[in-house]
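Data block below; observations after.
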Amino acid sequence: MIWVPIDQKRDIPFIRQVYTQIRTRILQGNLLAGERLPSTRQLANELDVSRNVVLEAYEQLIAEGYIEARHGSGTFVAEGAYLEQLHHTKSDPFFERDELSDEKDLIDFRSGLPDLQFFPRKTWAKLSYDVCMNSSHTVLSYGYPEGRPELRQALARYLVKSRGVQCQPHQLVITSGATQALTLVAKLLLKKGDQILMEDPVTRDIQTIFSTPGSILHPIPVDENGMRTELITPDFNPKCIFVTPSHQYPLGSTLPIQRRIQLIQYARATGCYIVEDDYDSEFRYEGAPISSLQGLDTDHVIYIGSFSKILSPALRLGYLILPPRLIKECRKLKWFTDLHTPSLEQITLGRFMEEGYLERHIHNMKKIYKKRRDHLVEVIEKRFSHQVKILGHSTGLHLVAEYQHTVFTEDFVKKMRDNGIRVYPVEDHAIEKGKHQNQMILGYGHLCEEEIEEGIRRLAECLG
Ligand SMILES: Cc1ncc(COP(=O)(O)O)c(C=O)c1O
């Protein structure tokens, strides 16, 4: 009998699983030409699936020439279906990343996820229907790389009013999320050997995006006031500086005006750009809203925003505000990347904003997230009292818990996972290793109060 493990929990049809596994074994020479396969009935019994599953998988393999049925004597591996493997593809951690786990009892403190049960489905569906049915047929044609004018106008108005940016609609390019905006900026500004100054820690994805052109990342440490701008000396010669000034990711600090001015003066003196990633600052729970860095200097700051946290990451909608001299080149790059972001979604979002739904949604979600944030802070303080310091809790959908005497190693994270809780060490996002081992990111936006409470109870149990 051959071993064909079926994973009942995976979202892949059984027929596909059986087909793929047998095909792979034949191609890799684990099943040899002439070898007899079990009968469909035997294999179905063994795998505890219906016989039709195996029959269909076999039929597909026969149709593609991997196996052959010999009348009266069974099914056999065909000649010539083995392909020598030139190299073994090493597993790449990028593809091993987990989706938000659907393990039943797991409490996942992943950061940056909104509570998607509150996505305004009815309004979105109503507007999408209207856009689809009643827009001119020209919107179904090829669009422009910078995106739909309706959305850019609505967005420019919203950003000037709520984020203190200075922006005309022609400076905006609509992108597939902030991730694409960051990728376009990296391509636009950097080539092999160029330097970039980066907050440290910063997400691993952003490190990858900015190092992909072959550029050199210089980490600039972060303290409770964000990037330590006093460490940026004239010896550097960067093409750009990456910052999350409204809510440093992951440590959560806000860059004060003195440091903002220092950055801008540096950019003006050296001719480099500042890349401002403003990914979640709409959810600010205390203190006055902080105006963007871009509002201080429109020639040196590239501003990036996203609808992933305020609406849903599945929309894949984000944007860039560009200094005038980068607009043309950026539109060209966007065009050669994917022509443009899908038009109907852009128009729907433009309507969603113009008709006041976005502001209402943010207002409602802020109340929900604030309650969850307050609850998380309260239970952490109750459970751990003096052993823990909470960082970066005034904004966003996550905070950081810093412990006095704990090192969050891989083994520790695994132990937590076995205990039904998933947490994310800050150290994983550090460029310079060793300084953040006692800090842990706790995303709470998508967790209800009971889950937060239970999660922290399990955490306390693991910490002993
Ligand atoms: C700091 C930061 N910037 C950008 C992004 C990317 O967001 P998007 O979903 O818009 O691509 C993320 C995602 O979590 C993030 O944490």
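The values are calculated or read from the model by the stated rules, or taken from the named source; none is laboratory data. As the structure is a computational prediction, the values presented were derived from the model and not from experiment. We place every Cβ from the backbone using ideal geometry, glycine too, and count neighbours over all the protein chains shown.
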Tally up the residues in the stretch 412-464 that are surrounded by fewer than 19 Cβ atoms within 10 Å (Cβ to Cβ) and among the aromatic types (Phe, Trp, Tyr), please.
1
Answer from Asp278, Asp299, Asp235 - the residue that is within 16 Å of the ligand (Cβ to nearest atom) and of a type in the set (Asp, Glu)
Asp278
On the basis of being more than 11 Å from the ligand (Cβ to nearest atom), in the same structural domain as Ile302 (by TED's automatic domain parsing) and touching a Pro at 6+ places or on another chain (Cβ under 9 Å), does Leu217 make the cut?
no
Just to verify a result, which residue in the stretch 183-213, among those that are in a loop (DSSP other than H, G, I, E, B) and in contact (Cβ under 8 Å) with a residue 24 or more places away in the chain, is farthest from the ligand (Cβ to nearest atom)?
Lys191
Scanning the stretch 293-316 for residues that are of a type in the set (Gly, Ala, Ser) and surrounded by fewer than 23 Cβ atoms within 10 Å (Cβ to Cβ) gives Gly295, Ser308, Ser312, Ala314
Residue by residue through the stretch 355-389, note down the ones that are under 28 Å from the mean Cα position of the chain (by Cα) and among the polar types (S, T, N, Q).
Asn364
Provide a single number: the residues in the stretch 105-141 that are in contact with a helix residue (DSSP H, G or I) (Cβ under 9 Å, 6 or more places away or on another chain), assigned to a loop (DSSP other than H, G, I, E, B) and loosely packed, with under 13 Cβ neighbours inside 10 Å.
1
Determine if the stretch 381-391 includes at least one residue that is buried (at least 22 other Cβ atoms within 10 Å of the Cβ) and either outside any loop (DSSP other than H, G, I, E, B) or small (Gly, Ala, Ser) (or both).
no
For the stretch 319-342, which residues satisfy the criterion of being assigned to a helix (DSSP H, G or I), in contact with a Leu (Cβ under 8 Å, 6 or more places away or on another chain) and within 16 Å of the ligand (Cβ to nearest atom)?
Lys334, Thr337
Matching option when the condition is of a type outside the set (A, V, I, L, M) and in a helix (DSSP H, G or I), among Phe352, Phe408
Phe352
